[in-house]
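Working notes, beginning with the structure itself.
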Amino acid sequence: MDWTRQSAIILADTKESTKERMINMKICVTSQGDNLDAELDPRFGRCKYFLFVDKDTLEFEAVKNPNIDAMGGAGIQSGQFVAGKGVKAVLTGNVGPNAFQTLKTAGIDVVTGLSGSVKEAIKEYNKGGIEPTQGPSVSSKFGLPGK
């Protein structure tokens, strides 16, 4: 097989894989409850739940945040936890600098400034009406009680 034909096959496979990933794209939404009608949690690192959602089918898995009571490093630990689930984007109210850096290093888009229900946030994201954030929206330790 010549290099041109082999390159064309590889390119076609890559395009198909990218298309497939976009169709079955999983996102994470911070939530105050364990369902799509729950309110979006304004905190990332110390949110009550992470909802891992297929953005097209809305099939989801709700997971209690294992880092909600962490003494420190909740943003980094939550970022690593979310990255381990293979998501492509995070929708939340706010994200601090450590969590933001952890997510960006993992290649995950971060969208902040959201409120309302989880379902509404996903709908807005799917319409293309919101863009990824270019930096953290709050300072370190934002989610700690009394901060």
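A short reminder: the numbers here are calculations on the coordinates, not readings from a lab. In this text, all values refer to a predicted model and were calculated from it rather than measured experimentally. Ideal geometry is used to build each Cβ from the backbone, glycine not excepted, and the neighbour counts take in all protein chains shown.
For region 30-142, the Stokes-Einstein estimate of translational diffusion at 4 °C and a viscosity of 1.567 mPa s comes to 95 µm²/s, using the Kirkwood hydrodynamic radius over alpha-carbon pairs.
Our coupling estimate for region 37-47, obtained by passing each phi through the Karplus curve with A = 6.51, B = -1.76, C = 1.60 and θ = phi - 60°, is 8, 5, 6, 5, 7, x, 9, 8, x, 10, 5 Hz, Gly and Pro reported as x.
Across region 63-72, coupling constants 3J(HN,Hα) worked out from phi with the 6.51/-1.76/1.60 Karplus curve, θ = phi - 60°, read 10, 4, 5, x, 10, 4, 9, 4, 5, x Hz, and Gly and Pro carry x. A DSSP coil position with no more than 16 other Cβ atoms inside 10 Å describes the following GluC sites (Glu not before Pro) in region 27-115: E59. In order along region 85-97, phi translates into HN-Hα couplings of 8, x, 7, 9, 8, 10, 10, 7, x, 9, 8, x, x Hz, rounded to whole numbers, per the Karplus curve 6.51 cos²θ - 1.76 cosθ + 1.60 with θ = phi - 60° and x for Gly and Pro. In this calculation the C-beta distance from K64 to A106 is compared with R0 = 25 Å, giving a FRET efficiency of 0.75.
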